[in-house]
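Notes follow once the structure below has been shown.
The values are calculated or read from the model by the stated rules, or taken from the named source; none is laboratory data. Fair warning: this is a prediction, and the values are worked out from it, not measured in the lab. All Cβ positions, glycine included, derive from the backbone under ideal geometry; neighbour counts span all protein chains shown. Just so you know, the surface numbers come from the protein's heavy atoms only, side chains and all, with ligands and any DNA or RNA stripped out. Shrake-Rupley method; radii C 1.70, N 1.55, O 1.52, S 1.80 Å.
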Amino acid sequence: MTAPLTLENEIRRLIAVAGPMPVARYMALCLTHPQHGYYVTRDPFGAGGDFTTAPEVSQIFGELLGLWALSVWHMLGRPQSIRLVELGPGRGTLMRDALRAAKVMPKFREAIRLHLVDVSPTLEKLQQTALSDIDVPKIWHRHLLEVPEDGPAIVLANEFFDALPVHQAVRQADGWHERTIGLDANGNFALALAADPIPQFDRFLPPAIRQAEVGAMFEWRDDVYVYDLARRVRSNGAALIVDYGHVETGLGETLQSVNAHAFSDPLSAPGFADITAHVDFQAVRRAAESVGAAVQGPVTQGEFLSELGIQARAEALRRAASAEQAANITAGVARLIEGGRTGMGELFKVMALCDPKLGPLPGLQTK
Ligand code: SAH
């Protein structure tokens, strides 16, 4: 009898054929497997889903990112045609709000050629619906590599990089060993370490990390995505990355699995839970600068949105709202800018990669 076609069985088969796989490969399969990947098969957002993102918390988030893009278009010399790219647009909410706000400058709206990059056909459908009555040319892509490279570009990426596969390695006496997922004696998925250390791994690490003690864990992502993004914006462009993560490269595990708004075991039910890890903004900076892009920020999401005028916009919305709606607006803003356990204002950071010729971009200057 052949096993049913589930992602769990597919991963078992791959391990049986090729041996334990790096955590990054497992994560990529869980999230983006063409048939069974988490994002490919569902709409994970909102109260009835697994998690809620900033554009789903408040329309002001997308509106302010739209106005940020408008300012950058001005700084780029108001080109007649500009590629506006969003990485991982989710339900399309951010872009819908951004383009509504961009109506204040019809010339900008007319210049926009929209490129939406999403691995998920399911989410692409939702994005098409969300953007159906918006009259700008739109093209969907499964990968950033498919987006043409010439000409000015503005890129927005909210909670995209955290979903890119992360590698883990653990320090041992003889070097760093990559963490893998294999099968235990009972045939269950089990974490293990590769038998051999990764050759020359220390050479790629910041000096402080090289001193790590035996047992310490280090996480990293492949730099190719940042290289590709940075190359596209280093002359005549800017990319805004908003995500949870840390400003400096550090040690420790941040890989997490989330299901129905609660943490779950990443090894149970592959393809049915979101798996993410914090973004290492220092690593993003290093990769972007190494191919000639300038970097501004990171600042916290709270600082960024406050600087862009979130309170004034909330006040304007409240004036036209019922008492209940006004309370929701206030609560949404608090969630976006406050710190603490439930707030997104401090954990989330905002960083721009851009053309070194551009001056200070809105919201990204640290005080
Ligand atoms: N930006 C949205 C959604 C964030 S969730 C929001 O803030 O609400 C991550 C998004 O990235 C989803 O739309 C998912 O389908 C997409 N995605 C995840 N991994 C991807 C990959 N490797 N390539 C392209 N899109 C990806």
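Looking only at residues of region 180-226 that are of a type in the set (Phe, Trp, Tyr) and part of a strand (DSSP E or B), we find that the one that is farthest from residue 280 (Cα to Cα) is 189.
Counting only strands (runs of 3 or more DSSP E) that sit completely within region 227-293, those holding 1 or more residues that are open to solvent by less than 50 Å² (accessible area, probe 1.4 Å), more than 16 Å from the ligand (Cβ to nearest atom) and farther than 30 Å from residue 79 by Cβ correspond to 262-264. Picking from residues in region 53-88 that are away from the ligand (no atom under 16 Å from the Cβ) and not in a helix (DSSP H, G or I), the one that is most open to solvent (accessible area, probe 1.4 Å) is 80. Within the set of pairs 6 or more residues apart or between chains, which connect a residue that is within 20 Å of residue 118 (Cβ to Cβ) and of a type in the set (D, E, K, R) inside region 74-90 to a residue that is more than 7 Å from the ligand (Cβ to nearest atom) and open to solvent by 60 Å² or more (accessible area, probe 1.4 Å) with Cβ atoms less than 6 Å apart? From residues that are within 20 Å of residue 118 (Cβ to Cβ) and of a type in the set (D, E, K, R), the pairs are 83/113. Test residue 153 against the criterion of being touching a residue at least 40 places away in the same chain (Cβ under 8 Å), of a type in the set (A, V, I, L, M) and within 8 Å of the ligand (Cβ to nearest atom), and give yes or no. Considered against the rule, which asks whether it is touching a residue at least 40 places away in the same chain (Cβ under 8 Å), of a type in the set (A, V, I, L, M) and within 8 Å of the ligand (Cβ to nearest atom), residue 153 comes out as no. Give me the residue from region 316-338 that is of a type in the set (Val, Ile, Thr) and touching a residue at least 40 places away in the same chain (Cβ under 8 Å) and, out of that set, surrounded by the most Cβ atoms within 10 Å (Cβ to Cβ). Per the stated criteria, the residue is 333. Taking residues in region 300-315 that are in contact (Cβ under 8 Å) with a residue 12 or more places away in the chain, and partners anywhere that are of a type in the set (Asp, Glu) and in a loop (DSSP other than H, G, I, E, B), the pairs with Cβ atoms closer than 7 Å and at least 6 places apart or on different chains are 300/346; 302/338; 302/346. Scanning region 115-147 for residues that are assigned to a helix (DSSP H, G or I) and either within 10 Å of the ligand (Cβ to nearest atom) or surrounded by fewer than 18 Cβ atoms within 10 Å (Cβ to Cβ) (or both) yields 121, 122, 123, 124, 125, 126, 127, 128, 129, 144, 145, 146. Among the residues of region 155-177, those that are farther than 16 Å from residue 225 by Cα and either among the aliphatic types (A, V, I, L, M) or crowded, with 21+ Cβ neighbours inside 10 Å (or both) comprise 168, 169, 170, 171, 173, 176.
In region 12-52, of all residues being among the polar types (S, T, N, Q) and assigned to a helix (DSSP H, G or I), the one that is farthest from the ligand (Cβ to nearest atom) corresponds to 41.
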